[in-house]
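These notes concern the structure reproduced below.
The values are calculated or read from the model by the stated rules, or taken from the named source; none is laboratory data. In this text the structure is predicted, and so the values were computed from the model without any measurement. Here Cβ is always computed from backbone atoms with ideal geometry, including for glycine, and neighbour counts include all displayed protein chains. Areas reflect the complete protein model, heavy atoms only, side chains present, ligands, DNA and RNA absent. Shrake-Rupley method; radii C 1.70, N 1.55, O 1.52, S 1.80 Å.
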Amino acid sequence: MKKIFISLTLLFASFCISAQTAQEIAKIYCDLDRVPDFNYSNLALENVEKNGKSETIEVKQYGSGVDNGLKNVAFDFIAPASVKGMRVLQLEKLKKADDRWVYLPKLRQARRIPMTERTKSFGGTEFTYNDMTIRNEDEDKNEITDGNAKITVGGTSYTCWKMKSVPHKLSEVEYHYRLTWFDKKTYIPVRIEFYDSKDKMIKTSECLKIDMVKGKTGIEYPLRRKSVITNLVTGRKTIATVKDFVFDEPIADGYFTQNWLITGKAPKIKAKK
């Protein structure tokens, strides 16, 4: 379902009038993350150990919007050799759990990722499978704890809504609650803190750079160009950088199929426009 935007300036202006509750702010962020309808990007995921040793994983990402504002996403691991050939497929569902599949080349098989395993590492990074998707606003109990919070991330100062979110189903996530700082200009979370049941911070996520970019249609989007997730228990972190991207150019439907997941062959099926 194509979302029509006149301009981000006008859109954000209207949001600032209506977005007063935690649930509304969370919903706006979820909706923003579902555009553009088509996107392709090359990602660099740099794992940095506590001792400073690092390794970079290169991933191709394909995203395609479908009916009801949902999105399908496919990840293709390119390097290093330890993960090359691994592929992940995420298919969003309406009012039920998403379908997530992983293909492991060493085992030469694809398998569904159950809810109990979505708290595990995404391709050896500090991102979990849960981190690779956006939680819907109705999956958490959201509460604004500071309506005018000031924070500096990556050298940039932001004025934010600070929100506390408690998942309704704690068994499906790896934390007890999280605190999020939503930038009032872009609605992007510039910092997220994850806590355990003893109120101990166990992980942080920060957006180090936000760029305003244009897709093929000329529509502008806020792009999280660089972000970092830090495991405060182990001291390990993963820095994610979008190296290059293409927005609003149709992607073949075949990327979001079991055949592509298993074979990795470029699909010939044309995308829906």
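Side notes on the structure shown:
- Apportionment of accessible area to carbon and sulfur, the chain, percent (1.4 Å): 52
- About its Cα centre, the chain has a charge dipole of approximately 620 debye under the convention of +1 per Lys or Arg Cβ and -1 per Asp or Glu Cβ, with nothing else charged.
- Per-residue 3J(HN,Hα) values for the range 72-89, derived from phi via the Karplus relation 6.51 cos²θ - 1.76 cosθ + 1.60 with θ = phi - 60°, read 9, 9, 10, 10, 10, 7, 9, 7, x, 4, 5, 10, 4, x, 6, 9, 10, 10 Hz in sequence order (x marks Gly and Pro).
- With contributions of -39500 (n - 2.57) from each DSSP H run of at least four residues, the per-residue ellipticity at 222 nm computed over the chain stands at -3000 deg cm²/dmol.
- For the range 188-273, the solvent-accessible area of protein heavy atoms averages 55 Å² per residue (probe radius 1.4 Å; ligands and nucleic acids excluded).
- For the range 182-268: rounded, prolate or oblate by the Cα gyration tensor [a/c cutoff 1.5]: oblate
- Cα-Cα over 26 Å, subset of Lys243/Lys265; Lys60/Lys162; Lys60/Lys200: Lys60/Lys162; Lys60/Lys200
- Cross-link partners of Lys150 among aspartates and glutamates, defined as those whose alpha carbon lies under 13 angstrom from its own and excluding same-chain residues fewer than eight positions apart: Asp183.
- Residues whose amide H comes within less than 5 Å of that of Thr119, counting only those at least five positions distant or on another chain, are absent (H built at 1.01 Å from N in the peptide plane).
- Residue-normalised accessible area of the range 46-165, expressed per residue, 1.4 Å probe, Å²: 51
- Cut-off under 5 Å, modelled amide H: who pairs with Lys209 long-range: Arg225, Lys226
- Within the range 159-259, the trypsin sites (Lys or Arg not before Pro) that combine a DSSP coil assignment with at most 12 other C-beta atoms in a 10 angstrom radius are Lys169, Lys198, Lys200, Lys216.
- Counting all C-alpha pairs of the range 119-265, share separated by more than 24 Å (%): 42
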